[in-house]
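This report concerns only the one structure given below.
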Amino acid sequence: MFKRYRAAALTLVVFLVLMAHTNKKHDEGMFLLSDLGQMDLSKTGLKLTREQLFNPNGTSLIDAVVRVGGCTGSFVSGDGLIVTNHHCAFGFVQQISSTKNNYIRDGFLARTRGEEVLAKGLVCKITASYADVSAEVLAGTAATADANQRLQIIGKNIRAITERENKQNPGLQCEISEMFTGRNYVLFRYKLLKDVRLVYVPARSIGEYGGELDNWVWPRHSGDFAFLRAYVAPDGSAAEYNENNVPYKPARFLKVNPQGVRENDFVFILGYPGRTFRHQPAKFFSYHEQYFLKYISDNYDWQIARMQQLSKGNDSLAIRYAGREKSLANVTKNYKGKLQGFRRTGLAAQKERDEQELQQFIMTNAELKQKYADVIPRIRELYDDMIAKAPRNLWFDFMYSMNQAFQMAATVDNYADAYRALKTPDEQKAFMEKQLPRLKQAMARYTSSYDAPFELAATLKMITDAAQLGDKNRIAAIDELVKKHKLTTSEAIEKYVSGLHAKSIFGSPARAQQLFDKDPVKFLLMKDRMVDLASGLNEEVNPADEEDRARENELNLLMAKYVDAKSIWKNRQFIPDANGTLRFTYGYVKGYTPNDGEYNKPFTTLGGVIEKESAEYELLDAIKQLYAQRDFGQFMHPDLNDLPVNILYNLDTTGGNSGSPVMNASGELIGVNFDRAYTATINDYAWNESYSRSVAVDIRYVLWVVQKVAKAPYLLDEMGVKQN
């Protein structure tokens, strides 16, 4: 079996506990499409029928909603024009930017369709249909009580179903999502759009006005929007980029309402929220509060600081780091907000009390006791083991993930071990033929991403950190390294790390690639200092990974029982956790009180943008001039006597909802969702109307920027917006 390295998320044992929602009173809601038939939405203010919102047998509003990479977007014209977030398009603008054409700073605008540029690597998805395949996925599992074998059967069934469905639906991508841990699975069929091009991405000073100072906070004044266009082959089929491709004709696109909304208006979102963890056991919340969130946040802070230091005065390096810095900054601030949310709400303690009551409930009923008595105690044991090893496991995650050179060395060690274990030349030859494509992919990642100064600093940091781990989390390979090379001072560690990177072939991507191309077998079997270090660490990672897999398998079975018992105790079913599938959420344009004595209004305006201008808040001269002239065109908010910029509302959103269309009661586009307030970062674990608020860029600001700042009225014409 291969030894393997782990990415940062692998210590997070995520088992979504999802149940179908019934039309009962609720205090949260990321509803599945199948739930909509059970809900009387007319009482909420929605003016659409269920069939207009979602019609599995015809065209409906969901046909206008598209998954844009890890974000959401919506079609706003019959020629495949998509509106999403600036931050969702940021990485693709970064790809085409240079010191000569700094589109990150200045923005990108295609004035003709011929000028639209491919968003390289972006694939968009449209939900075509779905089906419950739980019985098929679980076929054969009842015959075994072994958790490992059970999960293997489930995995095998999922692969078989997916392969069959993809063969039967050549124009679609079929995926199975776990909707109820260990017991409920839904097959989703997606139409793919592989040729997606940049149309308009505003200047960074508009798209992320306020930068990280304002990120995850309210009031916001950000024009976080961008326009893309999807293309297909002339016959309408999904196709990679080709100059002969034509704009995609969506089955439905949204009508843009330039009048927007007012306070207390009904609004809703259709989108693809990422992951929420609201039904996890109490120990899961303790692990995240005590270890996971803080460790990652602190590490990301370090990475950002190091990249800023390295790129100071270097525009080329600043462009290279821009997307990574932005992503890390977004996560670390989000995690800090989550930690504040844990403290403010006492969430972990509340989950602990709830779980104790659940266990008492189980033990007072003979039938439940026989079936569920050991479920919670065993879950606790598994999480206690994870918590005890958290510092060590998190260290391993980042030692590998921050260092492309070291990660490649670890990969070489993995493959070399597997190669040496083979007994005959024929077996070795077959192995290399099979594994060579994967090795080439790994080499491509390493050679394209290797960053010598950053990785040198990362290795230095991680070895220093490992030397400071407590007795129960010591890493033998690092302890041996410290002893062998007498790494007792920071100067000694720095000298060792410098030599490690200088003398290893992985300190030179060109040399490594040359040897790999010449003789892949010799490349695998070479002696190298970094491979030696990776080998020692791999020997410790391997059993830890095996433990993780065994724990995951057992929890998969236990969590299904846990939810059964919880459902009986609560005498109700639960709203599904988000898992990247299409969801519906609704609410109202509404302010709130985030802190004692403080009230936040639900709109910000261009006047607030002007007031914020400073060294930290760069503002385009064009915007200042337009504001001075009060040139708001037709887009002024009648109650505010100003141009609205951002909106606050009490919908239930999370990561993945970025770019989601915010619609009014008639299903018209009035905003583009892009963020949550700081108090709502805890949404992933718990939602509450009193502190959960989401943020959108008002469609009136989007249209004004396009018309007045970008001077691209043709885009408004395409969206059917009449211009005064």
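What the table below lists for this structure:
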{"quantity": "Amide hydrogen neighbours beyond the local backbone of G271, cut-off 5 Å, H modeled", "calculated": "R583"}
{"quantity": "Ranking of M462, M663 by count of other Cβ atoms within 10 Å, fewest first", "calculated": "M462, M663"}
{"quantity": "In sequence order, calculated HN-Hα J values of region 416-422 (Karplus, 6.51, -1.76, 1.60; Hz; x Gly/Pro)", "calculated": "5, 4, 5, 5, 5, 6, 7"}
{"quantity": "For V662, distant residues with modelled amide H under 5 Å away", "calculated": "I670, G671, V672, N673"}
{"quantity": "Dipole magnitude of the chain, debye to nearest 20 (Cβ charges: Lys/Arg +1, Asp/Glu -1, about Cα centre)", "calculated": "640"}
{"quantity": "Mean Cα-pair separation over length for region 646-724, i.e. relative contact order, pairs under 8 Å, 6 or more apart, %", "calculated": "30"}
{"quantity": "Stokes-Einstein translational diffusion, region 503-549 - Kirkwood Rh over all Cα pairs, 1.306 mPa s, 10 °C, in µm²/s", "calculated": "132"}
{"quantity": "Region 334-389 shape via C-alpha gyration tensor axes, a/c threshold 1.5", "calculated": "oblate"}
{"quantity": "Estimated FRET transfer efficiency when R0 is 51 angstrom, pair S508-L368 (beta carbons, to 0.05)", "calculated": "0.20"}
{"quantity": "Which of F674, T99, F584, positive extreme of dipole for the chain (C-beta unit charges)", "calculated": "T99"}
{"quantity": "Whichever lysines have a C-alpha closer than 26 Å to that of K472, once near sequence neighbours (fewer than 8 apart) are set aside", "calculated": "K3, K283, K294, K389, K461, K483, K484, K486"}
{"quantity": "Burial ordering of Y599, Y415, fewest other beta-carbon atoms within 10 Å first", "calculated": "Y599, Y415"}
{"quantity": "Rg(Cα) / (2.2 N^0.38 Å) computed for region 346-476, rounded to two decimals", "calculated": "1.65"}
{"quantity": "Size of electric dipole in region 218-283: Cβ of Lys, Arg +1 and of Asp, Glu -1, about Cα centre, debye, nearest 20", "calculated": "400"}
{"quantity": "Region 414-498: C-alpha pair distances exceeding 15 Å, %", "calculated": "70"}
{"quantity": "Contact order normalised by residue count of region 570-684, Cα under 8 Å, 6+ apart, percent", "calculated": "25"}
{"quantity": "Whole-Hz couplings from phi, Karplus 6.51/-1.76/1.60, listed for region 561-568; x for Gly and Pro", "calculated": "5, 4, 5, 4, 5, 5, 5, 5"}
{"quantity": "Cβ-based charge dipole, region 232-358, positive-most Cα from I269, Q340, S237", "calculated": "Q340"}
{"quantity": "Whole-Hz ³J(HN,Hα) from phi, Karplus 6.51 cos²θ - 1.76 cosθ + 1.60, for region 428-444, glycine and proline x", "calculated": "5, 5, 5, 4, 5, 4, 6, 8, 4, x, 5, 5, 5, 4, 4, 5, 5"}
{"quantity": "13 Å Cα-Cα reach of K440 towards aspartates and glutamates, excluding residues that sit fewer than 8 places from it in its own chain", "calculated": "D517, D519"}
{"quantity": "Alpha carbon convex hull of the chain, volume per residue in cubic angstrom", "calculated": "186"}
{"quantity": "Dipole-positive endmost among T49, F285, G140 within the chain (Cβ charges, Cα centre)", "calculated": "G140"}
{"quantity": "Separation in nanometres of the label points that stand 7 Å from Cα toward Cβ, at T593 and S316", "calculated": "5.7"}
{"quantity": "Within straight-line cross-link reach of K371, lysines at Cα separation under 18 Å, skipping those fewer than 8 residues along the same chain", "calculated": "K561, K566, K570"}
{"quantity": "No Cys partner within the rule (Cβ under 4.7 Å), the chain", "calculated": "C124, C174"}
{"quantity": "Simple Cβ-charge dipole of region 313-431, Lys/Arg +1 and Asp/Glu -1, about Cα centre, in debye nearest 20", "calculated": "500"}
{"quantity": "Area projected by the alpha carbon convex hull of region 642-724, averaged over all directions, nm²", "calculated": "6.7"}
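Any read-out appearing in this document is the output of simple, stated calculations on the displayed coordinates, not a laboratory observation. The shown structure was predicted, so the numbers you read here are calculated from the model rather than taken from an experiment. Quick reminder, even Gly has a Cβ in these numbers, built from the backbone with ideal geometry, and neighbours come from all protein chains shown.
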